[in-house]
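The structure under discussion appears below in the form of structure tokens.
The values are calculated or read from the model by the stated rules, or taken from the named source; none is laboratory data. These numbers were taken from a predicted model, which means no experiment stands behind them. Using ideal geometry, Cβ is built from the backbone for each residue, glycine included, and neighbour counts are taken over all protein chains shown. Ligands, DNA and RNA are stripped out before the accessible areas are found, and what is left, the full protein with its side chains, is counted by its heavy atoms. Shrake-Rupley method; radii C 1.70, N 1.55, O 1.52, S 1.80 Å.
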Amino acid sequence: MDNSMTTFNTDAVQSFLKFVRHPFKFSAFLLWKLPAAWLSGVRLRFIDTETCITSVPFRWLSQNPFRSTYFACLAMAGELSTGLPAMMYVRSAPKRISMLVTGMESVFIKKATGLTIFTCTELPLLRSAIENTLNNDTPQTVTLHTEGRDKDGILIATFAITWSFKSKS
């Protein structure tokens, strides 16, 4: 393999961003591909090449018996804040790449009794791991951190999601 650096198709990245930023199209995608996330109210709030922000509300379909958001619903929103950017780069890569969550660690600090907003700002690490997969034809893993905060900025939960990327033949 030649040693030139593989770059992502910037038109494909922009097309992906346009798609996920379209409220109806992305909502339909969530309903079709991640129905549990759609039903519990997980939504994309913002995405670019540096940051992804998602949210999940406290409501009847996302509740637990303790009058707060069920931890699995928090996990869905946290994972989406790392997984959506991963999809963006995988889909814009010049070669086929498989992606899979291989680990998740979480810390729950406070009961989620309202909207919880997850922010992941480690997208450059993600891009680098996928570039390494493309350039070296070796599987790569990367752990991305995301924080969930309430409307007042109080930390509710943190997640560390580990992604694995592998070139497909």
Could you order Thr49, Thr162 so the one with the most accessible surface comes first? Probe is 1.4 Å.
Thr49, Thr162
Amide H contacts of Phe58 (H built 1.01 Å from N, under 5 Å, at least 5 apart or other chain):
Gly114, Leu115, Thr116
Starting at the first residue of the range 95-100, write each ³J(HN,Hα) from the Karplus equation 6.51 cos²θ - 1.76 cosθ + 1.60 with θ = phi - 60°, in whole Hz, x for Gly and Pro.
10, 6, 10, 9, 9, 7
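Output the relative contact order of the chain, whole-number percent, from Cα pairs under 8 angstrom with separation of 6+ residues. Mind showing how you got there, number by number?
Working: 338 pairs, mean separation 40.9, N = 169.
Relative contact order here is 24 percent.
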Net charge, Leu17 excluded, C-beta distance under 15 Å - Lys, Arg +1, Asp, Glu -1
+3
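Given a 1.4 angstrom probe, what's the average accessible area per residue across the chain, in square angstrom?
Numbers: 9260 Å² over 169 residues.
Per-residue accessible area for the chain comes out at 55 Å².
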Ranking by accessible area, most exposed first, for Ser15, Ser98, Ser68 with a 1.4 Å probe:
Ser15, Ser98, Ser68
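If I compute solvent accessible area with a 1.4 Å probe over the protein chains, what percent of it on the chain is carbon and sulfur? Let's see the in-between values first.
Working: 5330 of 9260 Å².
Heavy-atom surface of the chain belonging to carbon and sulfur, 1.4 Å probe: 58 percent.
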Taking the square root of 5 times each eigenvalue of the Cα gyration tensor, what semi-axes in Å does the equivalent ellipsoid of the range 25-68 have, largest first?
22, 15, 6
Working only with C-alpha atoms, what are the Rg and Dmax values of the range 66-169, expressed in angstrom?
15.1, 49
Counting only DSSP beta bridges with both residues in the chain, what percent are antiparallel, rounded to the nearest 5?
100
Work the Kirkwood hydrodynamic radius out for the range 6-132: mean of 1/r over every pair of different alpha-carbon atoms, inverted, in Å.
15.4
Rounded to the nearest 10 Å², the accessible area of Thr113 at probe 1.4 Å
90
Treat every Asp and Glu Cβ in the chain as -1 and every Lys and Arg Cβ as +1, leave all other atoms uncharged, and give the resulting dipole magnitude about the Cα centre to the nearest 20 debye.
660
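Sorted by accessible area with a 1.4 angstrom probe, largest first, how do Arg59, Arg45 fall? Walk me through the numbers before you get to the answer.
Details: Arg59 95, Arg45 130 Å².
Final ranking, largest accessible area leading: Arg45, Arg59.
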